[in-house]
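Since the structure comes first, as structure tokens, the remarks are kept for the end.
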Amino acid sequence: MMFRKLLLLIISALLAGCGDTPLEGTANSINAESLLEPIQVLSSDDFKGRAPGTEGEAKTVDYLVSQLKEYGVKGGMPDGSFVQDVPLVGQKTDHDTQLKFSKDGKVVSTLDFRNDFVAWPANMAEEVSLEDAELVYVGYGIQAPEEDWDDFKDIDVEGKIIVIKNNDPHNDPDLFGGKARLYYGRWDYKFEKARDMGALGALIIHTTPSAGYGWDVVANSWSGEQFYLADNEEITNSSTKIDGWLTKEASKDLFASAGLNLNKQLKAAEERTFEPVPLEGITLNLELSASYSNKDAKNVLGVVEGTKDNLKDEYVVFSAHHDHLGITQPVKGDSINNGAVDNASGVSAVLNLARAYKDIQPQLKRSGLFLFVGAEEQGLLGSKYWTANPTVPLGKVNADINLDATNVYGKTEDMVLIGYGRNTLTDVFERAADRYDVKLKPDPHPEEGVFYRSDHFSFAKQGVPSIFPNGGTEFIDKPEGYAEFVDSLSGANYHSVTDEINEYWDLSGMVRDVRLIFGVGYRVLNSNEMQTWQDGDEFQQKRKEMLEKAGKK
């Protein structure tokens, strides 16, 4: 009997020494065919671009639930169902309007909706009428006490339109993370600040370098139906009447009408000593109308339960947004934004992970929560709603791994981690990357603020250690200049009707990446330790408070 026990111990030790080898069969079940099939389904014209509250979203939800059931994954809602309603208000702004700037009572420029500007009622009003509204340029529009930075100084902008430079200061490596874009550089911060300051409206100056995308993305994203979480008193009670964007060309003409040089003013905003600049003598006139409807977006949740008594009530979340832009203005006869890369690819990755973890469920200590959120394109609304109304205590969520727009253009030697080095998930990725001989890299374009632009940010804001793995840039067995070609192709397809499966797709890179992420998830699901933010990270304190509330230290 003793010999048998000793033999079992030796065999167990040998198996443990083999690392993840027993998992290779499960990992290898994630292949090009298993990844391509969900993408083909979700990005087909039948799903009509998967916009919130539409027939396309309903089809998407039905498909996701059917897939999870087929895998044997349980519903993630407290009652065992799969769907969480996300109550939204939809806003459609009439495009048949013009924005006019006047000087001394005479119109000096007339802007066309979509071509020159986009705007919408900021406080959910049905009608907005602005007549001879004064304007003031407030640089980046940032107030950051920790950086000793205040673009407003002592100016009173109540009842005025503020004109804002996109992004945040990046000339000084010791300020605002250097070239990295922080939340201060996000458009949502700008509009929130306008509300806080009592401004009548906010107009962001668009440039492609400062935004990280062209005007077409702005026009396409903001000219369609917009969505807000229902019962949002912060918005409905706001004195701010309009939010919007201006093209660089329109902004240049506006500043010239006030006797100012746009480029000089944009440069001046880089300094801490910047003072707000009233656009003397210039007033704005605008009539906007909008209609509203109550719609529910949907979050879809599945759970693979862990098996260790003291850990199975803790969760690792694997998230991806299932929505896209739906049907918009036709381009060469095509009006459906299929969203193949963004984000049918991420949804497919999470579906494959759910199936794989279900296959090895007896080996999992913690539980896996597979969260497919809606209304991401409208401001991370689905994930924002879930983190405000979680189906499991946030203090029991060990980590979030978010998949959004995966690499579909071929195998690379590297992988980019958005959030690299900010929490202990980086260490887990490093170990998995070594196994696959992959180089991990931080965000190569921190100035674009990608960390604040996908659903992991909703988790991070609540303190949950979160990370966003992206495809690499060092392509293997591809022609010279292929990375630049992929970058331009991705930029052209982003938030466009051209985001479809095309002849350049090569899923070998996605296969490798999702298998690597499978290994990462396996380690996090089975680690005895909770993931943590690094010392000094902006979300560290929130995490500490969360864990204390959950009875963990």
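The values are calculated or read from the model by the stated rules, or taken from the named source; none is laboratory data. Since we're looking at a predicted model, the values are computed, not measured. Positions of Cβ are backbone-derived with ideal geometry, glycine not excepted, and every protein chain shown enters the neighbour counts.
Does region 494-553 hold any residues that are in a helix (DSSP H, G or I), among the aliphatic types (A, V, I, L, M) and closer than 30 Å to I476 by Cα, and which are they? The answer is M510, V511, V514, L516, I517, V520, V524.
Assess whether E275 counts as being among the acidic types (D, E), over 30 Å from E225 (Cα atoms) and outside the structural domain of M77 (by TED's automatic domain parsing). So E275 passes the test. The criterion of at least 2 residues that are in contact with a strand residue (DSSP E or B) (Cβ under 9 Å, 6 or more places away or on another chain) and surrounded by fewer than 21 Cβ atoms within 10 Å (Cβ to Cβ) is met by the following strands (runs of 3 or more DSSP E) wholly inside region 274-335: 277-304, 326-331.
The rows are residues; the columns are (1) modelled with pLDDT of 95 or more; (2) within 27 Å of V428 (Cβ to Cβ).
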| position | (1), (2) |
| --- | --- |
| K478 | yes, no |
| I501 | yes, no |
| V524 | yes, yes |
| Q531 | yes, yes |
| E545 | no, yes |
| A550 | no, yes |
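Restricting T110, T97, T93, T54 to residues that are out of contact with any Lys or Arg (no Cβ under 6 Å at 6 or more places or on another chain), among the polar types (S, T, N, Q) and either surrounded by fewer than 16 Cβ atoms within 10 Å (Cβ to Cβ) or more than 30 Å from K298 (Cα to Cα) (or both) narrows the list to T97. Scanning region 209-237 for residues that are assigned to a helix (DSSP H, G or I) and either among the charged types (D, E, K, R) or out of contact with any helix residue (DSSP H, G or I) (no Cβ under 9 Å at 6 or more places or on another chain) (or both) gives D216, A219, N220, S221, W222, S223, E233, E234, T236.
In region 137-146, the qualifying residues are those that are closer than 24 Å to H206 by Cβ and outside any loop (DSSP other than H, G, I, E, B), and the one that is farthest from the chain's Cα centre (by Cα) is Y137. When A269 is tested against (1) free of Cβ contacts under 8 Å to residues at least 40 places away in the same chain; (2) in contact with a Gly (Cβ under 7 Å, 6 or more places away or on another chain), just one condition goes unmet, and that condition is (1). Examine region 238-246 for a residue that is assigned to a helix (DSSP H, G or I), touching a residue at least 12 places away in the same chain (Cβ under 8 Å) and either within 20 Å of D188 (Cα to Cα) or small (G, A, S) (or both), and state whether such a residue exists. The answer is no, given that none of the residues of region 238-246 is assigned to a helix (DSSP H, G or I), touching a residue at least 12 places away in the same chain (Cβ under 8 Å) and either within 20 Å of D188 (Cα to Cα) or small (G, A, S) (or both). Applying the condition of being among the charged types (D, E, K, R) and not in a loop (DSSP other than H, G, I, E, B) to region 407-439 and asking which residue is surrounded by the most Cβ atoms within 10 Å (Cβ to Cβ) yields D414.
Of all residues in region 358-375, those that are assigned to a loop (DSSP other than H, G, I, E, B) and surrounded by fewer than 24 Cβ atoms within 10 Å (Cβ to Cβ) total 3.
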